[in-house]
Amino acid sequence: MRYLITGGAGFIGSHLADHLLAQGHHVHAFDNLSTGSLDTIAHLADHERFALTVGDVCDKPALEETADGCDRIVHLAAAVGVKRILEHPVETITTNVRGTEHVLEIAHAHMLPTLVASTSEVYGKALETVDDLDTLAEEGPWVLGATSKRRWAYACTKAMDEFLGLAYASEYNVPVIAARFFNTVGPRQTGQYGMVVPSFVKQALAGESITVYGDGRQTRCFTHVLDAVEVVDALMNTEAAYGDVFNIGQPNPVSINTLAERVREMTGTDVPIEHVPYEEAYGEGFEDMRRRTPDMTKLEQTIGTRPERALETILNDVIAHAREKRQRSSPQAPVASLTADAFNAA
Ligand code: UDP
């Protein structure tokens, strides 16, 4: 099978490429290298079943050319990361909506099975505002804040992607799945765009204070990227999954305070844990959600499994990767430089 992965040089995309290649598939990654990087796929440069095209999902002809001959699409390319969204709202909205339109038009033209990545952000503040709600189920409500609060733009774009994907599925019978990823974390993720786990690990290893935003009692359900890519693969191989939306999350919540303590313990450091007000971290008027816990019933019923890897496993893997990266970038280490030409985009 030939897979097109948009965002294939990104954090999730690179792990999905590894997973699919290990099963004997061909992978063509399409990435504009804005938040993705050649680093994440450097180990695939000589792989005979892997190719990379550097391009933007807003450039439909380039995307169309790359999709030529592919059997399936996994659409991961998006502007992601809370910090990035706050700093570049126009780019976020345009890339996330126009890019998905292009992907779905191409999927429609060739009737390609397609998975569109969405996010648990779409639930917004539902858990704290809707009575009697303990977990977030796909058919449940979503509650966003005002349009003047930029954070919600990301959720809105992804909800639009879902609507569009489901519309192509119901109106034109295009086999489309929408997948809501819950705080996917693991090796290769960068903290550059605000993601909490790589940020904390980087801070601890550098001997800096761990910066917890707000009171740190907000919780998240961290999902190992290896679980997430296994689920993507399983969903795409399950006929009953098409035309539907699924949560992809590990359902045990952890507070950000506990996360900071676990990172400190597991890195063997004694760095201080510092609480930083949201306004200082993200600017005036920022809204965070207190809880975000997935209901995994639908996924389990559909594919017979759900993400299980525990926080300890995630942190072990992230810390090991961050240590290795620090070693590689130490002044004594030889500098390896790779260009996009090193990847065979045949
Ligand atoms: N966070 C934090 N310190 C950081 C980065 C994030 O305390 O350096 C908090 C953030 O405010 C949020 C949680 O950690 O409550 C998860 O943030 P992230 O950006 O990773 O994902 P989100 O769930 O907000 O999309």
Counting only residues in the stretch 297-314 that are of a type in the set (D, E, K, R) and assigned to a helix (DSSP H, G or I), the one farthest from Arg262 (Cα to Cα) is identified as Lys298
Being exposed (fewer than 14 other Cβ atoms within 10 Å of the Cβ), away from the ligand (no atom under 13 Å from the Cβ) and modelled with pLDDT of 95 or more narrows it down to one of Thr305, Thr267, Thr339, so name that one. Thr305
Please verify whether Ala155 is surrounded by 15 or more Cβ atoms within 10 Å (Cβ to Cβ), away from the ligand (no atom under 14 Å from the Cβ), part of a helix (DSSP H, G or I) and touching a residue at least 24 places away in the same chain (Cβ under 8 Å), treating the condition exactly as stated. no
Leading residue by the ranking (surrounded by the fewest Cβ atoms within 10 Å (Cβ to Cβ)) among those in the stretch 25-38 that are out of contact with any Lys or Arg (no Cβ under 8 Å at 6 or more places or on another chain) and not polar (S, T, N, Q): Leu33
Within the stretch 183-197, can you find the residues that are touching a His at 6+ places or on another chain (Cβ under 9 Å) and within 18 Å of Ser255 (Cβ to Cβ)? Val185
Cβ-Cβ distance below 9 Å, separation of 6 or more or different chains: which pairs start in the stretch 65-78 with a residue that is free of Cβ contacts under 8 Å to residues at least 60 places away in the same chain and end on one that is of a type in the set (S, T, N, Q) and assigned to a helix (DSSP H, G or I)? none
Of these, Glu128, Glu64, which one is surrounded by fewer than 22 Cβ atoms within 10 Å (Cβ to Cβ) and within 30 Å of Thr219 (Cα to Cα)? Glu128
Just need a number here: residues in the stretch 281-302 that are within 16 Å of the ligand (Cβ to nearest atom) and among the acidic types (Asp, Glu). 3
Within the stretch 172-219, take every residue that is part of a strand (DSSP E or B) and away from the ligand (no atom under 11 Å from the Cβ) and give me the one that is surrounded by the fewest Cβ atoms within 10 Å (Cβ to Cβ). Arg180
Select from the stretch 221-246 the residues that are within 15 Å of the ligand (Cβ to nearest atom), more than 22 Å from Ala107 (Cβ to Cβ) and in contact with a helix residue (DSSP H, G or I) (Cβ under 7 Å, 6 or more places away or on another chain) and list them in ascending order. Phe222, His224, Val225
Glu324 more than 20 Å from the chain's Cα centre (by Cα) and either within 16 Å of the ligand (Cβ to nearest atom) or not in a helix (DSSP H, G or I) (or both): no
Hey, Gly7 more than 20 Å from the chain's Cα centre (by Cα) and either at pLDDT below 95 or at positive phi (or both) or not: no
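The values are calculated or read from the model by the stated rules, or taken from the named source; none is laboratory data. Source: prediction; values computed, not measured. Quick reminder, even Gly has a Cβ in these numbers, built from the backbone with ideal geometry, and neighbours come from all protein chains shown.
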